[in-house]
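Undergrad: I have a structure here, written as structure tokens, and I will follow up with some questions on it.
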Amino acid sequence: MAARVHFYHNTPDRLALACELVANAHGRGRKVAVRCTTPEQQRQLDKLLWTAEPLSFIPHVAADHALAAETPVTLASAETDIAWPHGDVLLNLADALPPEHTRFRMVVEIVGYDAAERHAARQRWMHYRQAGCELKAFDAERREAL
């Protein structure tokens, strides 16, 4: 069965939206894997998950951490070879197609305004469509379906 894929376009702050989506998914009992573009972006997201919502905590660790299998949110950089501990939700911040996307029930793509990001997102959209995935698009800035 092909994954459901949601694209969030026109995202003014990709990491802020990632935090929001991770918090929402975690609140619904979902497990989330976040594929960051670089190790630096992974560090930034790790910090944001600790500080985004006062008085809330989203348990998260790096995907290669010893407790990754027991932790609802795992983070990794696309630059590393990733062995995700679950196959529920994959949130992709990287420009490249996640090679492991077929093992997830749902994939979330976050796309900003940058022309290169948008071009890469179009390529991923076409790949997902050819793979038979159920696709939905949202305008993140206006908070509505496209």
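Undergrad: For the condition free of Cβ contacts under 8 Å to residues at least 60 places away in the same chain, polar (S, T, N, Q), farther than 14 Å from Asn92 by Cα and touching a Lys or Arg at 6+ places or on another chain (Cβ under 9 Å), what is the one hit in Asn10, Asn24?
TA: Asn24
Undergrad: Could you count how many residues in the range 96-116 are surrounded by fewer than 18 Cβ atoms within 10 Å (Cβ to Cβ), of a type outside the set (Gly, Ala, Ser) and more than 18 Å from Ala131 (Cβ to Cβ)?
TA: 2
Undergrad: Name, by its number, the condition in (1) within 14 Å of the chain's Cα centre (by Cα); (2) of a type outside the set (Phe, Trp, Tyr); (3) under 22 Å from Val5 (Cβ atoms) that does not hold for Arg129.
TA: Answer for Arg129: the failing condition is (1).
Undergrad: When the range 81-103 is examined, which residues are found to be more than 19 Å from Ile58 (Cβ to Cβ), in contact (Cβ under 8 Å) with a residue 24 or more places away in the chain and out of contact with any His (no Cβ under 6 Å at 6 or more places or on another chain)?
TA: Within the range 81-103, the subset more than 19 Å from Ile58 (Cβ to Cβ) is 81-83, 87, 94-103.
Subset that is in contact (Cβ under 8 Å) with a residue 24 or more places away in the chain: 82, 94-98, 101-102.
Correct list: Ile82, Ala94, Asp95, Ala96, Pro98, His101, Thr102.
Undergrad: Sticking with this structure for a sec: Among the residues of the range 1-31 satisfying the criterion of being part of a helix (DSSP H, G or I) and in contact with a strand residue (DSSP E or B) (Cβ under 8 Å, 6 or more places away or on another chain), which is farthest from Ala116 (Cα to Cα)? Before you say what the answer is, go through the steps one by one.
TA: Start the filter on the range 1-31 by keeping residues that are part of a helix (DSSP H, G or I), which leaves 14-27.
This time we only want the ones that are in contact with a strand residue (DSSP E or B) (Cβ under 8 Å, 6 or more places away or on another chain), so: 14, 17-18, 21-22, 25-26.
Numbers: Arg14: 15, Leu17: 19, Ala18: 19, Leu21: 23, Val22: 25, Ala25: 28, His26: 30 Å.
That would be His26.
Undergrad: Looking at (1) in contact (Cβ under 8 Å) with a residue 24 or more places away in the chain; (2) closer than 18 Å to Leu21 by Cβ; (3) within 13 Å of the chain's Cα centre (by Cα), which one does Ser56 not meet, given that it meets all the others?
TA: Evaluating Ser56 over (1) in contact (Cβ under 8 Å) with a residue 24 or more places away in the chain; (2) closer than 18 Å to Leu21 by Cβ; (3) within 13 Å of the chain's Cα centre (by Cα) leaves (3) as the failure.
Undergrad: Exactly one condition in (1) surrounded by fewer than 18 Cβ atoms within 10 Å (Cβ to Cβ); (2) within 22 Å of Ala16 (Cβ to Cβ) is not met by Leu90; state its number.
TA: (1)
We did not get these values from a lab; they are worked out from the coordinates using the rules stated. Not measured: the values here are computed from a predicted model. Cβ atoms come from the backbone with ideal geometry, glycine included; neighbour counts cover every protein chain shown.
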